[in-house]
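I have placed the structure first, in the form of structure tokens, so that the comments after it can refer back to it.
The values are calculated or read from the model by the stated rules, or taken from the named source; none is laboratory data. Treat the numbers as computed from the prediction; the structure is a model and nothing was measured. Please note: Cβ atoms are built from the backbone with ideal geometry, for glycine as well, and neighbour counts cover all protein chains shown.
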Amino acid sequence: MSQTGNVLVIGAGIAGMKASLMLAGASNKVYLVEKLPIIGGKVIKNEESFPNLECSTCMVAPIQQDVLQNPNIETLTYSIVEKIEGKLGDFSVVIRKKARYVSLTDCIGCGMCYEPCPVSLKNEWEENLIDRKAIYVPCSGSLPNVPVIDSEHCLKLNGKEECNLCVESCAFEAINLDDSDEVMEIKVGAVILAAGSSTFDLSSLPNLGYSTLPGVYAPMEFERLFASNGPTLGEITLRESEKIPESVAVIHCAGRKEQKYCSAVCCMYSFKFARFLKHKIPSASVFNIYSDVCVPGKNYQSFYKSVEGTDTEMLYTSSIDEVQVSENGPGLKVTYSDASGSMTELNVDMVILAAALVPDDDAAELAEIAGVDLDSRGFIATVQDGSGSMETSREGVFVAGTAEGPKDIQNSVIQAESAAGQVMDIVTAEVSGS
Amino acid sequence: MKEFEMREAGQDKNLRAKVGVYICECGPNIAGKVDLDKIIADLSQLDDYQDVELVVKKYGFLCSGPGKEFLEEEIRSNGYTHLVVGACSPRDHDSTFMGVCKKTDLNPYLYRIINIREHCTWVIDDKEKATEKAFSYIRGGISRVLRQSELFEKPLDINPDVLVIGGGIAGMEAALSLSGEDRRVFLVEKTDHLGGISLDLSGLLPGQGEIIKNKIDSVTEDKNIRLFLNTSVETVIGFLGNFEIELVSIENAETTDIMAGAIVVATGSSLFDPGESAHLSYSESDEVYTSLSVEKMFSGEGEARLRSGKKPSSVALIHCVGREEKNYCSGICCSYMMKLAGFFRNQSPDIQVTEFYRDLCLPQKDDQERYTEAEAAGVEFVRIKDISIKGTEVSFEKMNSKKSEQSFDMVVLAPAIVPSADTEELADLLTVPLDESGFFQEVHKMTNPVGTSTDGVFIVGTAHGPKGVSDSMQFARASAGQILTRLIPGEKLIPEVKVTEILEAYCTGCGNCLDVCVYGAIYSDDSRGISVVNEAVCRGCGNCYGSCPSGALRTKHFTNTQLYREVDEALR
Amino acid sequence: MEDKAGVEFVPSIVGFLCNWCTYAAADLAGSSKFALPPSFTVIRVMCSSRIDHNLLLSTYFKGADGILVAGCHPGDCHYGEGNYYARRRFALLKKVMETLNLDPERLQLSWVSASEGKRYAEVVGEFTEKIKELGPNPIKNSTRF
């Protein structure tokens, strides 16, 4: 079977990229499908990653470059998998390459096309903290550094106006407004699902004030606010008031009770936020309101100890689910029950909610397309044979990274390499068996 | 300084060079920001170089398909000895143009890309200044490229076989994932049996005991796995693809020499000795146990009894034993203790089980449900600030600072997972550093957790750090993945080309460079009294360069002569 | 600053940038179109640890008005710990320069990560301003060389 050595990897985050590189290294042909116009996943949204606060871009950009330059990896950005039929060693896959309207080969990423575009929209990748145009790259330093046209909002494409400004501005004739979706069919021997996860919908917790109180932030919003390549170029200023916060409360476990699991990464990123805040605003008071400190593994507690009492004051609450955030003049008031059970108030300028990791919005759809089971929480389930196998309920289909459940970068990489190892093991067996 | 330059420049003497200089217009990005024609005219008139013929041209988009074909044809038809491309960042297109060179006879290391877009035309608005700057950068590139040398890939033969150290669950999983018709695995275990600590933990998950037995059977039956029981590793020399290892039998000191391309370290861990904790009088009472010994009772006899033979009617489960001392959280004890609580409750439904914990650490996605179930089943959870035990008397302080005492029939401690006793010795043998917790240190915490700074040596299971059985097996398969992708039977390994070399005539053998090399790529050749770079291991960072007092090092493709040319042009 | 003839002093500044972090930041500054002084020349090396005293002093003696060495933040080195070595050697070199009456202020070591395009522009801009204030490197006209 010639397609045995072909592998489909869905999701070009850290897990998908690492799995792809490993498979490609052993001369397997990899189709790496990413729904966004860029690769890199969630990690590149973080300026620095815990525990050693390493610059994420420095860490991931070489991996992104390796993926894009690897002759054995066909990276299909802005694409979705529509069908996976067949069986181990012989899957037929249908992929829809969405119309990008900008040629990946002709565009050189000069960015001259953004300026003339008359449409202004919120940039979702930047957590809506800044505007973008209808023709855009999600972030500075995007890879591939080629824009995409948002066909829903482009005046020409949605038929509102005969606008042709981006086309005229492009010196490379790289923009083609007549571009259309392309459907391709490929044959692969195995599939790795590495489509990542999402964060808990904080607006479903009215007691925490997210989406009603402008000073309350989701973790990814704060990551982008801190990022030196982000919407504020790294300046931490509050929404609306544009004030620099002098006091910040990080409230742990947002969504833990609802999701019925601990996400295992929130404590660490909360402590990281404390370090970030003190680094940029040395005079700020930072509080972590928590009930349990979850810092599993050999590397994490020492980081926690290094921020505890220095970068942040740790405030224990006997009931993390009942913390309230309310308006208090221009600022915010956090009400929580302390160790003795009495209600305590804390006035702060900013609140960051440590939200749980939850299944990706498209996880159920992907599971259906891939013909695999979800677990009770909506993540993609593994066979649960007690060996930590990354195989799903469908033979030949594997999962890796946060698509399988909440986890840190290290464990995402381990799962990716583990899944790739399993695929190569099968491929070898298939080849020598046939 | 002069000496260096002369020494390194020697290679270019007597060579008539013909340098092709191609400037990419990059649409308006370069052509629109500088006066390209002036640059081309000025470069063409350069008389800085003796015996060098310069051909300077511009082109629309060199990185495009037609651009690459154009360049390839130009190299061929003009017979260039060197090539300079004035374009964008090497991070974008260095490999593109190296690829073009590779299609011709021009050695790709005799080409240089000059980043005039990102570092000049995009950041300097004044056209005149930008033109000057671009000219200066390109002239620097020409001067530098003339000092560059041909470099060649040196494919290495590899041995695809693997040595796995440790016959626990992680080691067995690695061995089974790797063994095959064309790849043998040597599995070395210091005890007389396979299975490691997992044999004692077989009650941990339903069906796990079965899995471990199956793994042991599979390993034993696998004709491509050669098993060495009662054996330890005596010496290791070599590098990825080619290790020479001496094994020694613990029973009769007999030695065996083997060759392998990679080494997987799966030597496991041990448990924190509660006797080391000041708060716990572990040895003073007979009814204080470690979680492991209770687990053994359950998995052996199927029940846990006091030494009197009676079943306990109250049990205290104490979390986080050693966490403070070791300064890390083992990450699995909380859910493990809840598992034990379940065993106790199954044994005597009326038993009073109290868990004393500091933080609930429930990182696996099933852990929290286990906690909810335990709580619903009547297990009491007490969050404490402080705790001490004397025999089976437990004194504790709750979060609200209330102090209490309570007496139990049985006390069970959850000790932290700590590095196994022989970790340091093995680390020395493998030249792998230990981390601050005393476990083997991974080469990168996030992007390469199974790799080590000694390429070809991988760490899996709890030798890497505390973790559960499933995670240990995932680490094992991750290491297998890395080996499967890098050591392919019948194929060669291509090491980094831009490595450092040591010039024998200048080396005094002081060994400074050995000490600073993170990768252990430099060794001492005692017979010649010099240090030698193992090019198969060197990554070309150049750190050793600064440590050499005698100027014996050359960092290929980043030699001083090459860098001085850039400096000179920058300072003109 | 202007010299006696009233001509504006344009310093010659050389920046040795590590391939993985600061060079990437310089690229990001470029693609973000942050303005940079034309007097600054980038030289790429694989790691800041490659920059030894010889190269720095030579660059100084060749007449550079300012020399910037920039690499990954401590802890982020692509090669593990190269930048720690760079830091140590750099500190030592500055001491030595002081002793020899050479101006250590003309040398600067900075950490700039790949995502810090803006910071890169700031670091280069500020260093250039500082060198402008210091004026030309007197070694250029020294009779000693």
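Assess whether A:V372 counts as being free of Cβ contacts under 8 Å to residues at least 12 places away in the same chain, outside the structural domain of A:P245 (by TED's automatic domain parsing) and hydrophobic (A, V, I, L, M, F, W, C).
So A:V372 does not fit the description; no.
For B:A130, are the conditions met, namely being farther than 27 Å from B:L563 by Cα and surrounded by 19 or more Cβ atoms within 10 Å (Cβ to Cβ)?
Here the answer is no, as B:A130 does not meet what is asked.
For residues that are outside any loop (DSSP other than H, G, I, E, B) and either farther than 25 Å from B:Q208 by Cα or in contact with a strand residue (DSSP E or B) (Cβ under 8 Å, 6 or more places away or on another chain) (or both), tally how many sit in region B:442-471.
Result for region B:442-471: 9.
Scan region B:62-91 and report the pairs whose first residue is free of Cβ contacts under 8 Å to residues at least 24 places away in the same chain and surrounded by fewer than 20 Cβ atoms within 10 Å (Cβ to Cβ) and whose second residue is part of a strand (DSSP E or B) and among the aliphatic types (A, V, I, L, M), with Cβ atoms within less than 7 Å and a gap of 6+ or a chain change.
Sorted first by the residue in region B:62-91, then by its partner, the list stays empty.
Looking at B:L199 and the list (1) surrounded by fewer than 18 Cβ atoms within 10 Å (Cβ to Cβ); (2) in contact (Cβ under 8 Å) with a residue 60 or more places away in the chain; (3) out of contact with any Leu (no Cβ under 9 Å at 6 or more places or on another chain), which single condition is not satisfied?
(2)
Given the criterion more than 8 Å from every other protein chain (Cβ to nearest Cβ) and over 27 Å from A:V188 (Cα atoms), identify the matching residue among A:S342, A:S412, A:S393.
A:S342
Considering only residues of region B:472-487 that are assigned to a helix (DSSP H, G or I) and more than 7 Å from chain A (Cβ to nearest Cβ), which is farthest from A:S387 (Cα to Cα)?
B:I483
Does A:I251 count as in a strand (DSSP E or B), crowded, with 20+ Cβ neighbours inside 10 Å and within 14 Å of chain B (Cβ to nearest Cβ)?
no
From the list B:V450, B:V457, B:V443, B:V432, exactly one residue is of a type in the set (V, I, T), farther than 24 Å from B:S335 by Cβ and without any contact (Cβ under 8 Å) to a residue 40 or more places away in the chain. Which is it?
Testing whether each residue is of a type in the set (V, I, T), farther than 24 Å from B:S335 by Cβ and without any contact (Cβ under 8 Å) to a residue 40 or more places away in the chain leaves just B:V443.
From the list B:T191, B:T220, exactly one residue is part of a loop (DSSP other than H, G, I, E, B) and either touching a His at 6+ places or on another chain (Cβ under 7 Å) or of a type in the set (S, T, Y) (or both). Which is it?
B:T191
Just give me the residues in region B:488-516 being acidic (D, E) and farther than 17 Å from B:C538 by Cα, in sequence order.
B:E491, B:E504
Take the residues of region B:475-504 that are under 18 Å from B:A262 (Cβ atoms) and among the polar types (S, T, N, Q): which is surrounded by the most Cβ atoms within 10 Å (Cβ to Cβ)?
B:S479
Consider B:E301 carefully, then state whether it is surrounded by 21 or more Cβ atoms within 10 Å (Cβ to Cβ) and among the charged types (D, E, K, R).
Taking the combined requirement at face value, the residue does not satisfy it.
Restricting attention to region A:43-55, report how many residues are of a type outside the set (G, A, S), outside any loop (DSSP other than H, G, I, E, B) and facing another protein chain (nearest Cβ under 7 Å).
2
Does region B:248-271 hold any residues that are crowded, with 21+ Cβ neighbours inside 10 Å and of a type outside the set (S, T, N, Q), and which are they? Steps first, please.
Going through region B:248-271, the residues crowded, with 21+ Cβ neighbours inside 10 Å turn out to be B:260-269.
Across region B:248-271, the qualifying residues are B:A260, B:G261, B:A262, B:I263, B:V264, B:V265, B:A266, B:G268.
I'd like to know if region C:41-58 contains one or more residues that are within 11 Å of chain B (Cβ to nearest Cβ), assigned to a strand (DSSP E or B), over 22 Å from B:S453 (Cβ atoms) and of a type in the set (S, T, Y).
Within region C:41-58, one or more residues are within 11 Å of chain B (Cβ to nearest Cβ), assigned to a strand (DSSP E or B), over 22 Å from B:S453 (Cβ atoms) and of a type in the set (S, T, Y).
For region C:4-40, which residues satisfy the criterion of being surrounded by fewer than 22 Cβ atoms within 10 Å (Cβ to Cβ) and either assigned to a strand (DSSP E or B) or of a type in the set (K, R) (or both)?
C:K4, C:E8, C:K33, listed by residue number.
What number of residues in region B:528-572 are surrounded by 19 or more Cβ atoms within 10 Å (Cβ to Cβ) and on the phi > 0 side of the Ramachandran plot?
Residues flagged as surrounded by 19 or more Cβ atoms within 10 Å (Cβ to Cβ) and on the phi > 0 side of the Ramachandran plot within region B:528-572 amount to 2.
Among the residues in region B:140-156, are any within 10 Å of another protein chain (Cβ to nearest Cβ) and out of contact with any helix residue (DSSP H, G or I) (no Cβ under 7 Å at 6 or more places or on another chain)?
For region B:140-156, residues within 10 Å of another protein chain (Cβ to nearest Cβ) and out of contact with any helix residue (DSSP H, G or I) (no Cβ under 7 Å at 6 or more places or on another chain): absent.
Okay, residues lined up against (1) touching a helix residue (DSSP H, G or I) at 6+ places or on another chain (Cβ under 6 Å); (2) among the aliphatic types (A, V, I, L, M); (3) more than 30 Å from C:G71 (Cα to Cα); (4) not in a strand (DSSP E or B):
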{"site": "A:A19", "(1), (2), (3), (4)": "yes, yes, no, yes"}
{"site": "A:G41", "(1), (2), (3), (4)": "yes, no, no, yes"}
{"site": "A:C58", "(1), (2), (3), (4)": "no, no, no, yes"}
{"site": "A:I80", "(1), (2), (3), (4)": "no, yes, yes, no"}
{"site": "A:R96", "(1), (2), (3), (4)": "no, no, yes, no"}
{"site": "A:R100", "(1), (2), (3), (4)": "no, no, yes, yes"}
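Is one or more of the residues making up region B:311-319 under 13 Å from B:A414 (Cβ atoms), surrounded by 17 or more Cβ atoms within 10 Å (Cβ to Cβ) and touching a Lys or Arg at 6+ places or on another chain (Cβ under 9 Å)?
Step one: of region B:311-319, the residues under 13 Å from B:A414 (Cβ atoms) are B:315-319.
Those still in the list that are surrounded by 17 or more Cβ atoms within 10 Å (Cβ to Cβ) too: B:315-319.
If we keep only those that are touching a Lys or Arg at 6+ places or on another chain (Cβ under 9 Å) too, we end up with B:319.
Scanning region B:311-319 turns up at least one residue that is under 13 Å from B:A414 (Cβ atoms), surrounded by 17 or more Cβ atoms within 10 Å (Cβ to Cβ) and touching a Lys or Arg at 6+ places or on another chain (Cβ under 9 Å).
Could you tell me how many of the residues in region B:430-457 are away from chain A (no Cβ under 11 Å), surrounded by fewer than 19 Cβ atoms within 10 Å (Cβ to Cβ) and among the polar types (S, T, N, Q)?
Number satisfying all stated conditions: 1.
Collect the residues in region B:367-406 that are among the hydroxyl-bearing types (S, T, Y) and either within 14 Å of chain A (Cβ to nearest Cβ) or crowded, with 17+ Cβ neighbours inside 10 Å (or both), keeping them in residue-number order.
B:Y371, B:T372, B:T392, B:S401
Would you confirm whether or not region A:93-100 contains a residue that is buried (at least 16 other Cβ atoms within 10 Å of the Cβ), touching a His at 6+ places or on another chain (Cβ under 8 Å) and not polar (S, T, N, Q)?
Checked region A:93-100: no residue is buried (at least 16 other Cβ atoms within 10 Å of the Cβ), touching a His at 6+ places or on another chain (Cβ under 8 Å) and not polar (S, T, N, Q).
Working carefully through the options B:V443, B:V432, B:V411, B:V457, find the one that is under 29 Å from B:G309 (Cβ atoms) and β-branched (V, I, T).
Being under 29 Å from B:G309 (Cβ atoms) and β-branched (V, I, T) holds for just one of B:V443, B:V432, B:V411, B:V457, which is B:V411.
Rundown of residues vs (1) in a helix (DSSP H, G or I); (2) at pLDDT 95 or above; (3) over 26 Å from C:F40 (Cα atoms), yes/no style:
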| site | (1), (2), (3) |
| --- | --- |
| B:F70 | yes, yes, yes |
| B:Y80 | no, yes, yes |
| B:R91 | yes, no, no |
| B:V100 | yes, yes, yes |
| B:D105 | no, no, yes |
| B:E153 | no, no, yes |
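For region A:210-228, state whether one or more residues are more than 19 Å from A:G331 (Cα to Cα) and more than 20 Å from the chain's Cα centre (by Cα).
Within region A:210-228, none of the residues are more than 19 Å from A:G331 (Cα to Cα) and more than 20 Å from the chain's Cα centre (by Cα).
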